[in-house]
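Okay, so here's the structure we're looking at.
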Amino acid sequence: MKVIIVGAGIGGLTLALMLHKRGIECDIYESVRELKPLGVGINLLPHAANEMRQLDLLDTLSARSVLTSALHYYNKHGQTIWEEPRGIAAGYPVPQLSIHRGELQLLLAQAVRERLGANRLHLGMAFESLQQDSHGVTAMFNNRNNGGCEQVRADVLVGADGIHSAVRKAFYPTGDEFQFSGRILWRAITYAEPYLDGKTMFMAGYQDQKFVAYPLAATPQAGGKTPINWIAELKVDADDLPATDWNRIVDKSVFADRFKTWNWSWIDIPALIDGAEAIYEFPLVDKNPLPRWSFGHATLIGDAAHPLYPIGSNGSAQAILDARRIAESLQEVSEKGQKSITLALKEYEADRLPTTTGIILRNRLNGPEQVMQLAHERAPNGFAHIHDAVSEQELQEVSLRYKRLAGFDPSMLK
């Protein structure tokens, strides 16, 4: 069996490693000519970290990451809403990792080259189209290195080409527009002194005004500073998706005034914003859930299948879980021959599509960050104690409900 993977992001690279581990041949085709450490920070939740352990990559990643100790929620006045341990501290068998997205991608790419061979990762190859018959799929790529076109034949094609997926567009050429939330994200990394224990992720505010931060290095560097990844989020006055680039550099003046009073005893948010070398703007969008991902010998994973709001630190994790499920399904075909490829891809879809649809919809309702919205709605001017506004039971239920939906309830990983 041979598999074409379109896209060398986190999902596509992970899938290649999982297929290789199961003895399935695959090649990755990526449109960019060079993989660079782009982006900012991401979190690998324990269910995703567990998959990295299965690939013998957890120790390597942990050495380059912060092992997140806790997650804290605060209101816009800096008052504590909810705190919970994370990773090992929460009883998981594996940690939660905070790492630069680009570094994670490059580490996965390095593992692919070492295990599969450098000739299995094809850069500068932009997907154009596909054709299928009863025996497999033929994909057409635009070779951006020499300006030519190349046809590639395989038994399976997996679209792992992200939120702007060309493979998805081949299946859904119309009626698949982005759904704009009315909110904008500004993301950056600032070198600053560690806050709290140096390993805590925090979220502050409410749905229409939010600030999120977490460190990307466990040990302070020269001058006692550490890279802190942060996201500012605001509701904007716009009816339609902004006509901006998806990774546009903007000046802090676009949003910083809204956070100028968010300076509390343990964190100075205005200083974090001021200290960023580059701030990137993103519209907060997703897409409506699809009725199906799999078409004959082709299917979708990750953001190509289910782009969702970056709420709950779950985007990369779900792509990794998709990859595991596809690899398992194709392994059953390859080793046992008891089912067809088309059935295997349908079974993958039947398992993963309902779960990710639930996450898309739950994230539109703020996912686990509902606790901040509840506190804001019930006590907009602050509270003497959070339980005067939101009960302990409500806080626990919001947290556990999302963990179960997304697949990282501690009891599911022991």
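One table, with the values for the structure above:
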{"read-out": "Any chance residue 365 is surrounded by fewer than 18 Cβ atoms within 10 Å (Cβ to Cβ) and either among the polar types (S, T, N, Q) or under 20 Å from residue 212 (Cβ atoms) (or both)", "value": "yes"}
{"read-out": "Residue count for region 38-51, restricted to those that are touching a residue at least 60 places away in the same chain (Cβ under 8 Å) and within 25 Å of residue 21 (Cβ to Cβ)", "value": "9"}
{"read-out": "Evaluation of residue 383 against (1) touching a residue at least 24 places away in the same chain (Cβ under 8 Å); (2) in a loop (DSSP other than H, G, I, E, B); (3) under 23 Å from residue 181 (Cα atoms); (4) not hydroxyl-bearing (Ser, Thr, Tyr) (one fails), failing number", "value": "(3)"}
{"read-out": "Whichever residue in region 310-337 is of a type in the set (Val, Ile, Thr) and out of contact with any strand residue (DSSP E or B) (no Cβ under 7 Å at 6 or more places or on another chain) and, among such residues, is surrounded by the most Cβ atoms within 10 Å (Cβ to Cβ)", "value": "320"}
{"read-out": "Some residue of region 50-63 being within 30 Å of residue 142 (Cβ to Cβ) and modelled with pLDDT under 95", "value": "no"}
{"read-out": "Odd one out for residue 77 among (1) surrounded by fewer than 22 Cβ atoms within 10 Å (Cβ to Cβ); (2) part of a helix (DSSP H, G or I); (3) not β-branched (Val, Ile, Thr)", "value": "(2)"}
{"read-out": "Residue match in region 103-116 (condition: touching a residue at least 12 places away in the same chain (Cβ under 8 Å) and either of a type in the set (Ser, Thr, Tyr) or in contact with a Phe, Trp or Tyr (Cβ under 8 Å, 6 or more places away or on another chain) (or both))", "value": "no"}
{"read-out": "Whichever residue in region 154-207 is closer than 29 Å to residue 8 by Cβ and among the acidic types (Asp, Glu) and, among such residues, is nearest to the chain's Cα centre (by Cα)", "value": "161"}
{"read-out": "Residue list for region 162-220, restricted to those being among the polar types (S, T, N, Q), within 27 Å of residue 66 (Cα to Cα) and part of a strand (DSSP E or B)", "value": "190, 200, 209"}
{"read-out": "Positions within region 135-161 being in contact (Cβ under 8 Å) with a residue 60 or more places away in the chain, in a loop (DSSP other than H, G, I, E, B) and closer than 19 Å to residue 346 by Cα, in sequence order", "value": "155, 160"}
{"read-out": "Members of region 375-387 that are surrounded by 12 or more Cβ atoms within 10 Å (Cβ to Cβ) and more than 14 Å from residue 208 (Cβ to Cβ)", "value": "378, 379, 382, 383, 386, 387"}
{"read-out": "Residues within region 251-291 that are farther than 28 Å from residue 197 by Cα, among the aliphatic types (A, V, I, L, M), outside any strand (DSSP E or B) and at pLDDT below 95, tallied", "value": "1"}
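Yes/no per residue for (1) in a loop (DSSP other than H, G, I, E, B); (2) in contact with a His (Cβ under 7 Å, 6 or more places away or on another chain); (3) charged (D, E, K, R); (4) surrounded by 21 or more Cβ atoms within 10 Å (Cβ to Cβ):
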{"site": "72", "(1), (2), (3), (4)": "no, no, no, no"}
{"site": "84", "(1), (2), (3), (4)": "no, no, yes, no"}
{"site": "94", "(1), (2), (3), (4)": "yes, no, no, yes"}
{"site": "98", "(1), (2), (3), (4)": "no, no, no, yes"}
{"site": "103", "(1), (2), (3), (4)": "no, no, yes, no"}
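The values are calculated or read from the model by the stated rules, or taken from the named source; none is laboratory data. Remember, predicted model here, so these are calculated numbers, not experimental data. Please note: Cβ atoms are built from the backbone with ideal geometry, for glycine as well, and neighbour counts cover all protein chains shown.
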